[in-house]
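Before any comments, here is the structure.
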Amino acid sequence: MSGSTDPIAPGAVVLRQFVGADDDALLAQIERVQAEAPWRCMVTPGGLLMSVAMTNCGAVGWVSDRRGYRYDPIDPASGRGWPAMPDAFARLARRAAAAAGFAAFEPDACLVNRYEPGTRLSLHQDRDERDFSAPIVSVSLGLPVTFLFGGATRPERAQRVLLFHGDVVVWGGAARLAFHGVAPLKDGQHPKLGRQRVNLTFRKAL
Ligand code: MD3
Ligand code: FE
């Protein structure tokens, strides 16, 4: 199910309300993932504690520590593999990529980010993946957020895009290496998630 399709920039499109009635299934699977691989705030290579709480599912997970950023098949908190990618996650990501014109997207990593009021994510590029020809699919759940989308080299010219519960964004092509970030989360109450926003970021990392 889907609402309107809003282009943000060449290669980047918002699929409004693409999640539709699948949101409850996604939320149930997020519960399972975080029961097995609990939320944690990671440390940047520079030694700063990130305010976003994270976990992962899939063959590999994105991790950050003093040694750097990387995709790791092992959750450093448990010493075990990450939870498998739930079918409901992979199916939604494939369907969204296809709707945006990227056939045969097979994500092997899903980073799950949790924002509480005041939490932000500063402008950055996603460049820890091997193959930049694969798109990134992002699913917003819970409180609305202002997403910042910058250019290839000029992060200060970021455009602001409001993302709501159920919106899906697909970033590929010319947008794949754009600078992006998340403005500080405004406080509020979401009927299903309370005072938080959860984002699923699907990537082909390997
Ligand atoms: C635009 N997460 O985890 S996903 C991240 O809402 C991250 O949690 C944000 O950025 C969040 O790295 C945004 C949206 C996103 C992901 C990758 C992109 C936007 C992108 C790559 C290129 C351009
Ligand atoms: Fe990112």
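The values are calculated or read from the model by the stated rules, or taken from the named source; none is laboratory data. Keep in mind the model is a prediction, meaning the values are calculated, not measured. Glycine also receives a Cβ, built like all others from the backbone with ideal geometry; neighbour counts cover every protein chain displayed. Please note that ligands, DNA and RNA were not included when accessible areas were found on the heavy atoms of the full protein model with its side chains. Shrake-Rupley method; radii C 1.70, N 1.55, O 1.52, S 1.80 Å.
Residues in segment 149-174 that are among the hydrophobic types (A, V, I, L, M, F, W, C) and either at pLDDT 95 or above or assigned to a loop (DSSP other than H, G, I, E, B) (or both): 152, 158, 161, 162, 163, 164, 168, 169, 170, 171. Can you find a residue that is among the small types (Gly, Ala, Ser), more than 26 Å from residue 184 (Cα to Cα), open to solvent by 10 Å² or more (accessible area, probe 1.4 Å) and more than 14 Å from ligand 2 (Cβ to nearest atom) anywhere in segment 106-121? So far as segment 106-121 goes, no, none of its residues is among the small types (Gly, Ala, Ser), more than 26 Å from residue 184 (Cα to Cα), open to solvent by 10 Å² or more (accessible area, probe 1.4 Å) and more than 14 Å from ligand 2 (Cβ to nearest atom).
In segment 179-195, what residues are assigned to a loop (DSSP other than H, G, I, E, B), away from ligand 1 (no atom under 12 Å from the Cβ) and surrounded by 13 or more Cβ atoms within 10 Å (Cβ to Cβ)? Within segment 179-195, 184, 188, 193, 195 qualify. Candidates 200, 206: the one that is touching a residue at least 24 places away in the same chain (Cβ under 8 Å) and within 16 Å of ligand 2 (Cβ to nearest atom) is 200. Determine, yes or no, whether residue 103 is surrounded by fewer than 14 Cβ atoms within 10 Å (Cβ to Cβ) and not basic (Lys, Arg). So residue 103 fits the description; yes.
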